[in-house]
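The values are calculated or read from the model by the stated rules, or taken from the named source; none is laboratory data. Nothing here was measured: the structure is a model prediction, and the numbers come from that model. Cβ: placed from backbone, ideal geometry, glycine included. Neighbour counts: every protein chain shown.
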Amino acid sequence: MVPPSRPPGAQENAAIRLFLALSPRLPPVAQPDPPDELRPYEDVTVPRPGGREELAGTWFPAHAANARGAVLLLPPWLAWGRSYFHRRGRIEALRAAGYHALTLDLPRKQRKQGFFDREVEAGLEELRRRAGHLPLHVWGVSAGGYWAHPVLARTDGVAGAFFEDVAPHLIEWSWRVAPLGRPFYLFFRHVLRSSYHYLDMRRHAEAFSLKAVTYVGGAKDPGVRPADTRELATRARGRCHIVERAKHLEAIKMANREVIELALETFARAEGSFARRRSSPTVETPRGASPSEVPARTPGARGT
């Protein structure tokens, strides 16, 4: 499948201005240092496209002498940015399994140029530079996972992806959760048509070349409904798992261990098919024509 074409520059710039004007405001918050238990780590800067100001990130090298891969962690649209990943055990689990991890801040200031997928692309370039030949993966949460979709649709350099609470379309999400803005959403849809189509992540998911992908969502999330999560997984030819009673960003809280285990299993599956394809370039590893939903497990509070 061919992903949606990028809108003309002038329309994309107009669209991002309107999009941010309608988005929740994020107050400026100084990013805290990672806790001592996450040492060693290194604060890094990532060049942004077009020579604009740099992005901030943190590099967490794998504990293993021989790392097996590297993961880009993309946070939700929250004031504390990449420090969102200082809790809930994602980084610790990745390192214990032999993965380097790079957390990345998406810009929180008002901007006049381009969608945020450009920053995700820059983050992947930095991850590749640091990881060398190792397989790359993406772990995106909410907005971070959303903006990863266009990048993953246009590259074959990523093996696996794991997504939590990702909406198929942020304008459709806004229509449901912030109805006062509906006149502006109608303007966006009918006047900025190319941008509206580009922001449909269902169409990008269809173009993934990933070897494995899993989507997780909450059964009680009013913005990203279980049907939305299942549809994205179907379009991406991946798997999905719905955590009962979880609202937005709560799946990792209510089913901590199983969410992390699903992520590690997804990356391991991706590396298996990735390795076979590299060793046997004339034989493409089959990918399932239809998604399989991960068998339900009993959710519970399994970590903080």
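Summary of computed values
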{"item": "Qualifying helices (runs of 4 or more DSSP H) (wholly inside the stretch 158-222; at least 1 residues being closer than 25 Å to Arg237 by Cβ and out of contact with any strand residue (DSSP E or B) (no Cβ under 6 Å at 6 or more places or on another chain))", "result": "170-177, 193-198, 201-205"}
{"item": "Residue within the stretch 183-202 that is closer than 28 Å to Gly98 by Cβ, crowded, with 24+ Cβ neighbours inside 10 Å and touching a residue at least 24 places away in the same chain (Cβ under 8 Å) present", "result": "no"}
{"item": "Residue match in the stretch 9-20 (condition: crowded, with 17+ Cβ neighbours inside 10 Å, part of a loop (DSSP other than H, G, I, E, B) and in contact (Cβ under 8 Å) with a residue 12 or more places away in the chain)", "result": "no"}
{"item": "Tally, over the stretch 29-47, of residues that are of a type in the set (S, T, N, Q) and touching a residue at least 40 places away in the same chain (Cβ under 8 Å)", "result": "1"}
{"item": "Criterion violated by Gly81 - all others in (1) more than 19 Å from the chain's Cα centre (by Cα); (2) modelled with pLDDT of 90 or more; (3) within 21 Å of Gln113 (Cα to Cα); (4) small (Gly, Ala, Ser) satisfied", "result": "(1)"}
{"item": "Test: residue in the stretch 48-56 that is buried (at least 20 other Cβ atoms within 10 Å of the Cβ), assigned to a loop (DSSP other than H, G, I, E, B) and touching a residue at least 12 places away in the same chain (Cβ under 8 Å)", "result": "no"}
{"item": "Filter result for Ala65 (farther than 17 Å from Asp165 by Cα and either of a type in the set (Val, Ile, Thr) or part of a strand (DSSP E or B) (or both))", "result": "no"}
{"item": "Filter result for Pro281 (at pLDDT below 50, crowded, with 20+ Cβ neighbours inside 10 Å and either closer than 26 Å to Ile91 by Cβ or not aliphatic (A, V, I, L, M) (or both))", "result": "no"}
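Residues are listed down the side, and each one gets a yes or a no for (1) more than 17 Å from Arg48 (Cα to Cα); (2) in contact with a Gly (Cβ under 6 Å, 6 or more places away or on another chain); (3) surrounded by 20 or more Cβ atoms within 10 Å (Cβ to Cβ):
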| position | (1), (2), (3) |
| --- | --- |
| Arg68 | yes, yes, no |
| Gly81 | no, no, yes |
| Ile91 | yes, no, yes |
| Gln113 | no, no, no |
| Glu119 | no, no, yes |
| Ser142 | yes, no, yes |
| Tyr146 | yes, no, yes |
